[in-house]
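In what follows, a single structure is set out as structure tokens and then discussed.
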Ligand code: SAM
């Protein structure tokens, strides 16, 4: 899986791949990254990438030409390039999107800056538009990393143990059951005793019950959906 980041600030993103699971994914050659800076595609003397808003309004907007040229250059060498724009107006990204997009061969994440991107660029190039939540970030770089991270763990070969993906939160609209590790007693608090007895059938059904209760308590919206879908 190839990830291309279109950004005015590639260094913000690059450091995330210097450690841990995504670094290993690159070393194992199951994922690959590329960075494209729209500033390198400007056709003006000063490498200017922003312009004031037409029609009034505070701040600047990313101008269309450098982005259009940058995206066309990516498309000209990759027929698989799938363009994803990070924007507060996009669909709220979720785990189903992460799984679905992990099947693509080449994802291109386009990060806005300033007051965002000229709408005509979105209309021309966007395959999908995603938001990571109802708040405003200074740029799309963090959002693109959120998507890349969540998608990558579903790419075969990225996780050391792919069983980790089973029974995770949001599978079947449920949150994962409470989890414990050693020691059995920590600051006088004991773990659930049944977990120590080694009866895997019983542990599995207990975990399912706990998972239901946890979802009902923390995410009543998911719990309701799960019930309606008869899962
Ligand atoms: N003026 C824009 C608006 O009100 O919708 C916000 C622009 S924001 C300051 C700059 C860039 O950050 C956006 O173009 C987008 O790429 C990114 N961004 C901000 N919030 C985001 C969010 N919740 N999800 C995804 N991207 C976001």
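The values are calculated or read from the model by the stated rules, or taken from the named source; none is laboratory data. Bear in mind that the values here come from a model prediction, so they are computed numbers and not experimental data. Positions of Cβ are backbone-derived with ideal geometry, glycine not excepted, and every protein chain shown enters the neighbour counts.
Kindly check whether there is at least one residue in the stretch 132-149 that is more than 23 Å from residue 10 (Cα to Cα), within 16 Å of the ligand (Cβ to nearest atom) and in contact (Cβ under 8 Å) with a residue 40 or more places away in the chain. Looking for residues that are more than 23 Å from residue 10 (Cα to Cα), within 16 Å of the ligand (Cβ to nearest atom) and in contact (Cβ under 8 Å) with a residue 40 or more places away in the chain, one finds at least one in the stretch 132-149, hence yes.
For the stretch 67-76, the tally of residues that are more than 15 Å from the ligand (Cβ to nearest atom) and either under 14 Å from residue 7 (Cα atoms) or in contact with a helix residue (DSSP H, G or I) (Cβ under 8 Å, 6 or more places away or on another chain) (or both) stands at 4. Quick check: is even one residue across the stretch 52-59 touching a strand residue (DSSP E or B) at 6+ places or on another chain (Cβ under 7 Å), within 16 Å of the ligand (Cβ to nearest atom), under 24 Å from residue 149 (Cα atoms) and assigned to a loop (DSSP other than H, G, I, E, B)? No, every residue in the stretch 52-59 fails to be touching a strand residue (DSSP E or B) at 6+ places or on another chain (Cβ under 7 Å), within 16 Å of the ligand (Cβ to nearest atom), under 24 Å from residue 149 (Cα atoms) and assigned to a loop (DSSP other than H, G, I, E, B).
In the set (1) modelled with pLDDT of 95 or more; (2) buried (at least 16 other Cβ atoms within 10 Å of the Cβ); (3) assigned to a helix (DSSP H, G or I), residue 217 fails one condition alone, (2). Answer yes or no as to whether residue 226 is in contact with a helix residue (DSSP H, G or I) (Cβ under 8 Å, 6 or more places away or on another chain), touching a residue at least 12 places away in the same chain (Cβ under 8 Å) and part of a loop (DSSP other than H, G, I, E, B). Answer is no for this residue.
Taken across the stretch 116-127, residues that are farther than 19 Å from residue 81 by Cβ and touching a strand residue (DSSP E or B) at 6+ places or on another chain (Cβ under 8 Å) do occur, with at least one present.
The set of residues in the stretch 160-191 that are in a loop (DSSP other than H, G, I, E, B) and touching a helix residue (DSSP H, G or I) at 6+ places or on another chain (Cβ under 7 Å) comprises 170, 174, 175, 176, 177, 178, 180, 184. Per the listing 123, 176, 162, the residue uniquely farther than 25 Å from residue 15 by Cβ, without any contact (Cβ under 8 Å) to a residue 12 or more places away in the chain and either within 16 Å of the ligand (Cβ to nearest atom) or surrounded by 15 or more Cβ atoms within 10 Å (Cβ to Cβ) (or both) is 123.
Taking residue 52 as the residue in question, decide whether it is more than 24 Å from the chain's Cα centre (by Cα) and touching a residue at least 40 places away in the same chain (Cβ under 8 Å). So residue 52 does not fit the description; no. Residues in the stretch 93-111 that are farther than 18 Å from residue 81 by Cβ and either near the ligand (Cβ under 9 Å from one of its atoms) or modelled with pLDDT under 95 (or both): 93 only. The C-beta contact set for the stretch 83-98 (first residue over 14 Å from residue 109 (Cα atoms), second residue assigned to a strand (DSSP E or B) and more than 8 Å from the ligand (Cβ to nearest atom), distance under 7 angstrom, 6+ apart or interchain) comprises 89/129; 91/129.
Among the residues making up the stretch 77-92, those that are away from the ligand (no atom under 15 Å from the Cβ) and either buried (at least 19 other Cβ atoms within 10 Å of the Cβ) or under 16 Å from residue 127 (Cα atoms) (or both) are 78, 79, 80, 81, 82.
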